[in-house]
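Scroll down for the structure; my scribbles are underneath it.
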Amino acid sequence: MRFVFCLLVLIALSFSAKAQNHIVEKVEHPVDWVNPLMGTDSKRELSNGNVYPVVARPWGMNFWTPQTGKMGDGWIYMYSADKIRGFKQTHQPSPWMNDYGQFAIMPITGNLRVREDERASWFSHKAEIVKPYYYSVYLADHDVTTEFTPTTRAAFFRFTFPEAEQAHIILDALDMGSHVKIIPKERRIIGYTTKNSGGVPDNFRNYFVIEFDKDFEAAHTFSNYEIFDKPEAEANHVGAAISFKTRKGEVVHAKVASSFISHDQALLNLQELGNKNFEAVKADGRAEWDKELGRIKVAGGTYDQTKTFYSSLYRSLLFPRKFYEIDKENKVVHYSPYNGKVLPGYMFTDTGFWDTFRSLFPFLNLMYPELNAQMQEGLVNAYKESGWLPEWASPGLRNVMVGNNSASVVADAYLKLGKEHTYDVETLWDAVMNGANNAGPLTAVGRAGASYYNELGYVPYDVEINENAARTLEYAYDDFAIYQLAKALKKPADVVELYKQRSLNYRNLYDPEHKLMRGKNKNGEFQSPFNPFKWGDAFTEGNSWHYSWSVFHDTQGLIDLMGGNKEFVAQLDKVFSLPPAFEESYYGQVIHEIREMQIANMGQYAHGNQPIQHMIYLYNYAGEPWKAQYWVRETMDRMYKPTPDGYCGDEDNGQTSAWYVFSAMGFYPVTPATDQYVLGAPLFRNITVELSNGKKIVINAPKNSSENRYIESLRVNGKAHTRNWLSHSDLMKGAKLNFKMTDKPNKSRGTFKEDAPYSLSNE
């Protein structure tokens with residue numbers, strides 16, 4: 001019997017493995033392949049994504065999520081948790097940034113308990129359904145099933161209660177100043193929450209309204225957890241609870257909406273639900289996600305690859321979020337997170353350009369040019385209202401990360417969107433000029449060390465400006481983006497030339513002894529001692545081995561500094577062959593980004609953080625594109641899974657996901673603000689990309705497989721294509737890419753200098 005049992009187990013495991021490796025020939029509904037729990041099995045010490053399951057519409061103003069963490073904890077939802085404390089409206093872009101405009105709803109039975117630990121309920125992932133448009137879970141302690149489905153600014157809840165003498169729905173408006181008012185005749189609760197983690201004006205409020213379809217038998221408010229028989233409360237921390245008797249299986253519905261403008265606007269936003277029932281709103285959400293995800297159709301990959309692709313694509317369609325509303329005259333308006341006024345026009349927020357300039361915004365320019373044109377209008381408004389372009393907005397200016405990468409976001413959009421998408425680019429030019437030449441009100445706004453950079457060509461190591469080498473390298477690339485924008489806008493020749501020359505400032509930090517970038521003192525001497533494995537210090541969340549490749553715009557210039565193609569490739573190879581050594585003294589601890597590199601078994605390649613994510617593609621510039629093809633596939637296979645531990649570091653507002661989406665299509669925007677994508681190799685046998693202009697990009701690789709990861713040859717629109725790059729403008733006209741894949745590197749294709757992608761030195 002033991003033999004038979006073991007045999008059955010082996011057969012079951014074999015079938016399971018085959019199912020995972022089964023080739024998916026066609027995807028009918030992409031939304032069904034999304035796992036919003038991908039990346040949720042994270043903690044402070046180790047990020048496998050550091051995300052929560054976002055239940056929302058694409059780029060929705062409001063997200064909803066189950067809350068396992070305590071009030072104020074940036075880790076809203078952890079896959080390892082076993083209790084839910086509420087269902088939270090959230091605007092959190094990152095656990096490190098934390099949240100704003102937040103409140104929680106929780107159904108319970110039995111005695112009324114309003115403290116989050118007392119009202120919490122055990123739950124199981126086995127009784128949890130998570131979709132981009134819908135969530136359901138069984139709350140065991142209360143015998144209640146909770147479901148919700150959102151629109152852009154509203155949500156529909158459905159609670160299925162047991163037979164109970166005491167059934168309650170609690171609204172927790174959280175601390176830092178909140179207000180609730182219960183209006184029994186209207187079956188309504190209104191109020192506001194001010195809880196935030198920064199980046200808001202003094203008058204910031206998120207106004208909410210909740211409407212129920214059942215009369216209240218009792219209603220209470222609470223203040224700092226003390227319960228009152230009063231219909232209204234306003235204090236540091238208030239909430240409300242409505243109570244009633246329920247029959248077994250009785251369903252209670254709640255419609256919820258919020259506004260950053262007013263209660264009246266929240267009521268207008270509630271109209272997004274219309275007179276539709278729960279199932280109709282759920283179906284609308286499913287259809288909207290299916291439409292957006294279905295614009296890229298993949299076939300010929302494994303089950304896991306297909307799930308990972310659409311889960312990553314879902315994450316690429318969340319940020320930056322819409323921070324605008326539609327008023328009673330059907331006009332676009334927004335509450336300004338910069339000056340606190342209600343003003344006309346678009347506003348988007350919750351993104352950090354240090355992360356997202358690399359691939360997320362180029363992805364929007366490829367797939368959603370009209371939407372990114374609105375985002376550019378939002379940046380115009382942000383500049384007018386704050387005097388600066390935000391480098392990290394949540395919802396207003398935040399003092400996080402380095403660089404002046406708004407220049408890249410502005411330039412890449414203008415160069416790619418075309419004349420049919422018009423907005424006030426001249427105001428954005430003024431904004432870019434202001435940011436490029438001045439230190440801002442925060443060290444992460446404008447350019448910290450701008451006066452040093454403009455005078456010396458670098459930010460010195462010894463003038464008490466942290467992460468100075470990283471700033472220098474990013475400023476140089478940002479100057480290149482400005483140079484490109486200046487040419488496109490036909491600015492004076494001396495302005496064009498100034499930024500072209502400044503974009504070469506990366507040379508000032510190149511250390512020929514180590515063939516790496518290195519901090520430099522004000523007197524022109526390199527800082528010493530130098531440890532290329534030291535994280536932080538002169539660099540940002542990385543070391544010299546990560547940041548030395550941050551010459552996006554002039555890889556040929558970097559090749560020349562290193563002594564030619566062979567020396568350059570040898571340095572690239574070392575990234576993977578070196579041990580994952582590190583020196584963490586700058587931080588005083590092993591930060592999670594270090595740990596994620598250490599355990600990945602890819603040497604010094606730290607894909608879990610952004611600075612090095614483009615590095616694999618640089619082999620294309622030095623005549624060895626097959627190595628890019630190998631390592632891109634290795635990274636997709638090793639570092640991404642459609643599971644709760646599916647990312648290899650912080651997902652970061654779509655950036656790490658967009659890397660996967662681009663790489664799966666077979667090309668990547670190494671240098672935003674140019675017209676080129678650099679080739680890797682496609683992951684699927686067929687991909688069809690539906691562009692917003694009605695054209696299609698069809699990518700065929702019929703012999704693609706885990707072994708056949710190398711490009712034998714490529715034909716573009718029927719013609720042989722030996723170059724290691726594709727043109728954005730050509731792709732936008734519609735294109736057919738036919739890849740012949742093989743299991744052996746083709747070391748004669750893409751090896752000539754003219755096959756290399758753009759570098760400034762080759763102009």
Hits in region 310-344 - residues which are in contact with a Phe, Trp or Tyr (Cβ under 7 Å, 6 or more places away or on another chain) and of a type in the set (Phe, Trp, Tyr): Tyr310, Phe323, Tyr324, Tyr335
Breaking point among (1) in a loop (DSSP other than H, G, I, E, B); (2) free of Cβ contacts under 8 Å to residues at least 40 places away in the same chain, for Lys88: (1)
Pair list, Cβ < 8 Å and 6+ apart or interchain, from region 349-370 residues that are of a type in the set (Lys, Arg) to residues that are surrounded by 24 or more Cβ atoms within 10 Å (Cβ to Cβ) and outside any loop (DSSP other than H, G, I, E, B): Arg358/Gln610; Arg358/Gln655; Arg358/Trp659
Matching residues, region 79-96, being of a type outside the set (Ser, Thr, Tyr) and surrounded by fewer than 21 Cβ atoms within 10 Å (Cβ to Cβ): Ala81, Asp82, Lys83, Trp96
Answer residue from region 143-155, given it is open to solvent by 10 Å² or more (accessible area, probe 1.4 Å) and part of a strand (DSSP E or B) and is nearest to Lys88 (Cα to Cα) among those: Glu147
First in region 472-487 and among the small types (Gly, Ala, Ser), second anywhere and in a helix (DSSP H, G or I) and open to solvent by 10 Å² or more (accessible area, probe 1.4 Å), Cβ under 6 Å, 6 or more apart: Ala476/Asn505; Ala486/Val495; Ala486/Val496
Only one of Lys696, Lys733 that is more than 29 Å from Lys487 (Cβ to Cβ) and either free of Cβ contacts under 8 Å to residues at least 60 places away in the same chain or in contact with a Cys (Cβ under 8 Å, 6 or more places away or on another chain) (or both): Lys696
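Evaluate region 54-67: report whether one residue or more is of a type in the set (D, E, K, R), in a loop (DSSP other than H, G, I, E, B) and open to solvent by 10 Å² or more (accessible area, probe 1.4 Å).
yes
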Odd one out for Ile326 among (1) in contact (Cβ under 8 Å) with a residue 60 or more places away in the chain; (2) among the β-branched types (Val, Ile, Thr); (3) open to solvent by 40 Å² or more (accessible area, probe 1.4 Å): (1)
Pairs, first over 17 Å from Ile129 (Cβ atoms) in region 50-72, second of a type in the set (Asp, Glu) and crowded, with 24+ Cβ neighbours inside 10 Å, C-beta under 7 Å, six or more apart: Asn50/Asp650; Asn50/Glu651; Val51/Glu651
Residue match in region 293-313 (condition: over 30 Å from Lys695 (Cα atoms) and either without any contact (Cβ under 8 Å) to a residue 40 or more places away in the chain or aromatic (Phe, Trp, Tyr) (or both)): no
Residue match in region 414-437 (condition: of a type in the set (Lys, Arg) and either in contact with a strand residue (DSSP E or B) (Cβ under 8 Å, 6 or more places away or on another chain) or under 30 Å from Arg507 (Cβ atoms) (or both)): yes
Counted residues, region 120-139 - those being among the aliphatic types (A, V, I, L, M) and surrounded by 15 or more Cβ atoms within 10 Å (Cβ to Cβ): 4
Subset of region 98-119 (residues that are in a loop (DSSP other than H, G, I, E, B) and open to solvent by 10 Å² or more (accessible area, probe 1.4 Å)): Asn98, Gly110, Asn111, Leu112, Arg113, Arg115
Wholly within region 680-763, strands (runs of 3 or more DSSP E) carrying at least 2 residues that are surrounded by fewer than 18 Cβ atoms within 10 Å (Cβ to Cβ): 686-690, 696-700, 710-716, 735-742
Listing of helices (runs of 4 or more DSSP H) fully contained in region 419-508 that carry 3 or more residues being open to solvent by less than 30 Å² (accessible area, probe 1.4 Å): 425-437, 468-488, 493-502
Residue list for region 74-85, restricted to those being of a type outside the set (Ser, Thr, Tyr) and assigned to a loop (DSSP other than H, G, I, E, B): Gly74, Trp75, Ile76, Met78, Ala81, Asp82, Arg85
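The values are calculated or read from the model by the stated rules, or taken from the named source; none is laboratory data. Remember, predicted model here, so these are calculated numbers, not experimental data. Ideal geometry is used to build each Cβ from the backbone, glycine not excepted, and the neighbour counts take in all protein chains shown. Quick note on the areas: whole protein, heavy atoms, side chains included, nothing else; ligands and nucleic acids left out. Shrake-Rupley method; radii C 1.70, N 1.55, O 1.52, S 1.80 Å.
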